[in-house]
Structure formats: C-alpha cells, structure tokens
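S.K.: Dropping the structure in here first, questions after.
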Amino acid sequence: MKNIYDIIKRPVITEQSMADVADKKYVFMVDVDADKTEIKAAVEQAFEVKVAKVNTVRMQGKVKRTGAYPAGRRPAYKKAIVTLTADSKTIELFEGMV
C-alpha cells in the first residue's frame with residue numbers, strides 16, 4: 001500500500017491552475033503509476049475534502065540540450081486535476097496564492 005505522500009508529490013502553481021481554484025479545481029503533480037481512485041483517496045485523506053472528479057494528464061519531459069550532441073530529457077510526470085464537490089470545503093494550501 002502506498003503512502004498518500006507517495007501519490008501526491010506537490011501542487012502545481014501556475015496562472016491557469018490558480019484561475020481554476022475559484023471553481024474548486026486543484027492541480028497536483030502525482031506519481032506516474034497512481035490511478036484515479038488512488039489519487040481521489042489520497043486527496044480526501046490528506047486535505048479532508050470530498051472529491052467529485054479526477055482528471056489525469058501524462059506529460060512528456062521536454063527535450064533539453066546538454067552541449068552539442070546528446071540531447072537530454074526532463075523526466076516525464078503526471079498531473080491530476082481534482083474537482084471538489086459543491087458542499088466540500090476548500091483546500092487551505094491554495095488560499096493565500098489566489
């Protein structure tokens with residue numbers, strides 16, 4: 001059994017993700033092997049909220065130059081867009097950033 005902090009790695013703080021906070025949508029970087037039910041359970045347990053829906057996106061790592069020939073890659077990762085129910089409380093982690 002995975003720990004909830006092995007599933008949820010960190011929040012994604014961008015202009016687009018902060019605009020969705022008003023609609024109770026929060027974006028997290030999650031473990032690549034985690035599925036939607038594990039992500040839902042981890043968010044509900046970590047932040048004590050009710051999750052309505054989880055959407056996931058697998059992002060490929062960007063190609064970066066490391067000198068002349070061998071082009072390196074940033075690691076691939078997975079994002080989860082978590083939508084809370086209407087009667088759920090908000091996540092305090094995002095409150096001061098909006």
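S.K.: Within the stretch 1-10, take every residue that is modelled with pLDDT of 90 or more and charged (D, E, K, R) and give me the one that is least open to solvent (accessible area, probe 1.4 Å).
M.R.: Once the filter is applied, the top-ranked residue is D6.
S.K.: Inspect all residues belonging to the stretch 41-53 and state whether any of them is part of a helix (DSSP H, G or I), among the charged types (D, E, K, R) and either on the phi > 0 side of the Ramachandran plot or surrounded by 15 or more Cβ atoms within 10 Å (Cβ to Cβ) (or both). Write out each step before concluding.
M.R.: As a first pass, look at the stretch 41-53 and keep what is part of a helix (DSSP H, G or I): 41-47.
When the remaining residues are screened for being among the charged types (D, E, K, R), the result is 44.
Narrowing further to those that are either on the phi > 0 side of the Ramachandran plot or surrounded by 15 or more Cβ atoms within 10 Å (Cβ to Cβ) (or both): 44.
Checked against the condition, which is being part of a helix (DSSP H, G or I), among the charged types (D, E, K, R) and either on the phi > 0 side of the Ramachandran plot or surrounded by 15 or more Cβ atoms within 10 Å (Cβ to Cβ) (or both), the stretch 41-53 yields at least one hit.
S.K.: Restricting the search to the stretch 11-32, which residues are loosely packed, with under 14 Cβ neighbours inside 10 Å and modelled with pLDDT of 95 or more?
M.R.: V32, the sole residue that qualifies.
S.K.: Moving on to the next point. Pull up the stretch 54-81, narrow it to residues that are part of a loop (DSSP other than H, G, I, E, B) and farther than 26 Å from D6 by Cα, then point me to the one that is nearest to the chain's Cα centre (by Cα).
M.R.: Restricting to residues being part of a loop (DSSP other than H, G, I, E, B) and farther than 26 Å from D6 by Cα, the top hit is T66.
The values are calculated or read from the model by the stated rules, or taken from the named source; none is laboratory data. No experiment lies behind these values; they were computed from the predicted model shown. Here Cβ is always computed from backbone atoms with ideal geometry, including for glycine, and neighbour counts include all displayed protein chains. Ligands, DNA and RNA are excluded from the accessible area calculation, which covers all protein heavy atoms including side chains. Shrake-Rupley method; radii C 1.70, N 1.55, O 1.52, S 1.80 Å.
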